[in-house]
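A short write-up of the structure that comes next.
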Amino acid sequence: MKILVINCGSSSLKYRLLDMETGTAPASGMVERIGEDVGFITHKALCDGERKFKEDHPIPDHDVALRFAVDHLTHPDHGAVAHVSEIDAVGHRVVQGGETFKAPAVIDKDVIEAIRENIPLAPLHNPANLTGIEVALELFPKCPQVAVFDTEFHQTMPSRAYMYALPYELYEELRLRRYGFHGTSHRYVAKAAARLLGKPLEETRLITVHLGNGSSITAVDGGRCVDTSMGLTPLAGLMMGTRCGDIDPAIHAFLAENRNMGIAEIDDMLNKQSGLKGICGMNDMRDIHDARNDGDAKAQLAFEMFAYQVKKYIGAYLAVLGGADAVVFTAGIGENDDFVRETACSGLEQLGIIIDQSANQGRKSEACSVHRPESPVQVWVVPTDEELEIALASRAALG
Ligand code: ADP
């Protein structure tokens with residue numbers, strides 16, 4: 001079975017064709033800078049070895065972006081398939097499923113309408129996801145298509161975890177509540193960690209720590225999310241590359257009064273000019289380490305704040321779960337940054353987390369444990385694979 005996974009971001013489109021029998025990806029790629037004067041596509045094809053292509057094009061929208069991707073996938077010279085009919089299913093990442101979607105959904109008119117109804121909850125992402133779906137339905141008319149939501153894994157949270165202490169009618173009228181994101185990643189690494197622990201997922205208590213450009217932490221009890229750090233939007237929780245994470249909600253009013261800033265301006269600042277970048281001007285952890293090592297005090301502060309916040313969430317979720325079998329690090333920083341892992345776990349020995357400094361050292365491209373043998377709570381690094389999880393979920397949804 002060949003499944004094409006399509007992931008439309010607000011200004012990018014990632015795709016990967018997966019052969020579920022062989023476990024290979026015959027083709028993958030990314031279209032970036034959609035909507036700018038010049039965008040570009042990078043395409044990787046596995047034919048006669050690995051071949052890579054990079055082309056600049058004006059790419060006004062996701063419609064054009066997906067057509068470029070499909071041109072490469074079916075290219076007479078390096079295409080992974082001769083015709084679109086060789087693709088058996090398409091899996092779409094959709095950011096916000098609201099309370100409507102608690103599982104992946106096979107796409108039909110009602111599903112499309114429900115995704116549209118959830119646009120107010122994700123105004124930047126759901127419209128791009130819908131374009132991806134609509135163009136894919138046109139390009140692959142005979143192919144079943146599945147929507148896999150970033151939020152669905154978190155729909156098992158109890159109301160005490162997902163409600164905000166705001167007037168209740170805001171929840172009733174607007175469905176204003178915590179949703180959580182990165183659900184496919186948290187689910188993927190939770191399942192992988194249970195296998196690595198040699199326990200049924202239903203019997204595990206896990207803290208999954210997804211640290212990338214966007215970061216979130218989830219408490220997973222028996223394979224079900226019981227709490228997560230992101231909220232109504234992906235701005236909440238940990239500080240991130242450019243997002244502020246949790247801040248005092250009175251800061252909006254304070255800035256309006258003392259800096260005469262409007263809501264849109266504040267929102268833009270909290271999303272794009274804050275987080276690691278806001279503190280030290282850099283949002284890539286590799287640059288921050290270089291600067292720290294050169295004595296940059298703001299870079300040092302940004303690093304310390306980040307690791308401290310990760311530690312606080314791990315502590316909080318140990319309390320939520322009443323202990324844990326494992327803490328599982330994943331994504332760009334979680335997989336590659338041993339110093340973040342070490343600093344976030346240091347001082348948690350009394351809570352049962354004892355990291356092994358030498359096992360923890362270095363970048364991890366494969367799953368491995370990084371705790372000491374006597375550590376009651378295990379610590380693992382598990383590389384995430386959101387596209388594979390979307391393909392697996394799509395296959396399962398199609399029976
Ligand atoms: P996204 O949220 O965009 O999917 P990723 O999970 O790919 O992000 O993570 C990207 C981030 O991972 C980069 O911004 C960088 O901070 C971090 N990163 C990547 N490689 C390393 C590394 N070797 N050491 C430290 N941090 C890294």
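The values are calculated or read from the model by the stated rules, or taken from the named source; none is laboratory data. What you are looking at is a predicted structure, and each value in this text was computed from that prediction instead of being measured. In this analysis, Cβ positions are derived from the backbone assuming ideal geometry, glycine residues included, and neighbour counts consider all displayed protein chains. Side chains included, ligands, DNA and RNA excluded: accessible areas come from the protein's heavy atoms. Shrake-Rupley method; radii C 1.70, N 1.55, O 1.52, S 1.80 Å.
Worth a mention:
- Sequence of LYS364, LYS54, LYS191 when ordered by accessible area, the most exposed leading, probe 1.4 angstrom: LYS54, LYS191, LYS364
- Taking the chain and dividing mean pair separation by its residue count, relative contact order in percent (alpha carbons under 8 Å, at least six apart): 13
- Stretchable slack from LEU46 to ASP284, in nm (0.36 nm times residue separation minus alpha-carbon distance): 82.7 nm
- Integer Hz, Karplus 6.51/-1.76/1.60 couplings in order for region 108-114, x for Gly and Pro: 9, 4, 5, 5, 4, 4, 5
- Computed accessible area, PHE254, all protein chains, 1.4 angstrom probe, square angstrom: 130
- Label zone at VAL320 (point 7 Å along Cα-to-Cβ), backbone N below 14 Å, region 80-96: none
- Longest exposed-site-free window of the chain, the sites being GluC sites (Glu not before Pro) in a DSSP loop that have at most 10 other C-beta atoms within 10 Å: 22-365
- The distance between label points at GLU349 and GLU113 comes to 6.1 nm (points 7 Å beyond Cα on the Cα→Cβ vector).
- Amide H to amide H distances under 5 Å link GLY39 with HIS57, ILE59, where only residues 5 or more positions off or on other chains count and H is placed in the peptide plane.
- Debye log10 I(q)/I(0) for region 241-399, one point scatterer per Cα, at q = 0.10 Å⁻¹: -0.49
- Of the whole protein surface, TYR164 contributes about 70 Å² of accessible area at a 1.4 Å probe radius.
- Residue separation of ASP71 and MET1 scaled by 0.36 nm, minus their Cα-Cα distance, works out to 23.1 nm of gained length.
- Per-residue SASA entry for LEU211, accessible area with 1.4 Å probe, Å² rounded to 10: 0
- Cα long-axis angle, helix 263-272 against the chain (0 to 90 degrees, to the nearest 10): 90
- For VAL146, distant residues with modelled amide H under 5 Å away: VAL90, GLY91, HIS92, ILE107
- Cα centre as origin, Lys/Arg/Asp/Glu Cβ charges: region 5-152 dipole, Debye: 220
- Dipole size of region 177-299 about its Cα centre, with +1 on Lys/Arg Cβ and -1 on Asp/Glu Cβ: approximately 520 debye, rounded to the nearest 20.
- When LEU398, LEU301 are compared by accessible surface with a 1.4 Å probe, the order from highest to lowest is LEU301, LEU398.
- Taking label positions 7 Å along the Cα-Cβ direction at both GLU172 and LYS102, the computed distance is 2.2 nm, reported to one decimal.
- Most fluctuating residue given options ARG116, ARG286, ARG341, as computed from a GNM of the chain linking Cα atoms under 10 Å: ARG286
- With every protein chain in place, region 266-399: carbon and sulfur % of accessible area (1.4 Å): 47
- With the simple spin-label model, which puts each label point 7 Å out from Cα in the Cβ direction, the ALA396 to HIS83 separation comes to 3.3 nm.
- Accessible area per residue in Å² at 1.4 Å probe, computed on the chain: 45
- Gyration tensor over the Cα atoms of the chain: the corresponding equivalent ellipsoid has semi-axes (square roots of 5 times the eigenvalues, largest first) of 33, 26, 23 Å.
- Couplings for region 360-367, taken from phi via the Karplus curve 6.51 cos²θ - 1.76 cosθ + 1.60 with θ = phi - 60°, read 6, 4, x, 7, 10, 9, 10, 4 Hz in order; Gly and Pro are left as x.
- Helical runs assigned H by DSSP (4 residues or longer) give the chain a calculated mean residue ellipticity at 222 nm of -11000 deg cm²/dmol, each run adding -39500 (n - 2.57) before division by the residue total.
- The H on the amide N of VAL95, modeled in the peptide plane, is under 5 Å from the matching H of ASP150, each at least 5 residues off or on a different chain.
- Net length available on complete extension from TYR308 to ARG195 is 37.8 nm, with 0.36 nm assigned per residue and the Cα-Cα distance removed.
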